[in-house]
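**Student:** Following this message is one structure expressed as structure tokens.
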Amino acid sequence: MITFYTRQNCPLCDEAKMMLELVREDFPFEYEEVDIESDDAIHEKYMLMIPVIEKDGKVVIYGNIGYIELLEALEF
């Protein structure tokens, strides 16, 4: 399971989402998008790290996310 932590008005999050979609074109997978502002605990945990991508409950990449880095982090 892949979870994408984001929030509104976050340019890095928008770019990371675009990278997720590009990787999905080559390696189909599903992911859940979670707005960190919807949960106080998640917000406190990730507010300085977003965007954050978790795979199977473990953070695999965060911050400035590029295509190659994302591909390697997700281990396709």
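The values are calculated or read from the model by the stated rules, or taken from the named source; none is laboratory data. Treat the numbers as computed from the prediction; the structure is a model and nothing was measured. Every residue, glycine as well, gets a Cβ built from its backbone with ideal geometry; the counts of neighbours run over all protein chains shown. Keep in mind that these areas ignore ligands, DNA and RNA; they rest on the heavy atoms of the full protein, side chains included. Shrake-Rupley method; radii C 1.70, N 1.55, O 1.52, S 1.80 Å.
**Student:** Residues in the stretch 15-69 that are in a helix (DSSP H, G or I), open to solvent by less than 20 Å² (accessible area, probe 1.4 Å) and under 12 Å from Phe4 (Cα atoms): how many?
**Tutor:** So the answer is 4.
**Student:** Please go through the stretch 1-14 and pick out each residue that is assigned to a helix (DSSP H, G or I) and touching a strand residue (DSSP E or B) at 6+ places or on another chain (Cβ under 6 Å). Even if it seems obvious, please write down each step before you answer.
**Tutor:** Within the stretch 1-14, the first condition is being assigned to a helix (DSSP H, G or I), and the residues that meet it are 11-14.
Selection gives Cys13 alone.
**Student:** A follow-up question, please. Would you confirm, using the coordinates I've provided, whether Asp39 is modelled with pLDDT of 95 or more and farther than 20 Å from Lys58 by Cβ?
**Tutor:** Against the criterion (modelled with pLDDT of 95 or more and farther than 20 Å from Lys58 by Cβ), Asp39 does not qualify.
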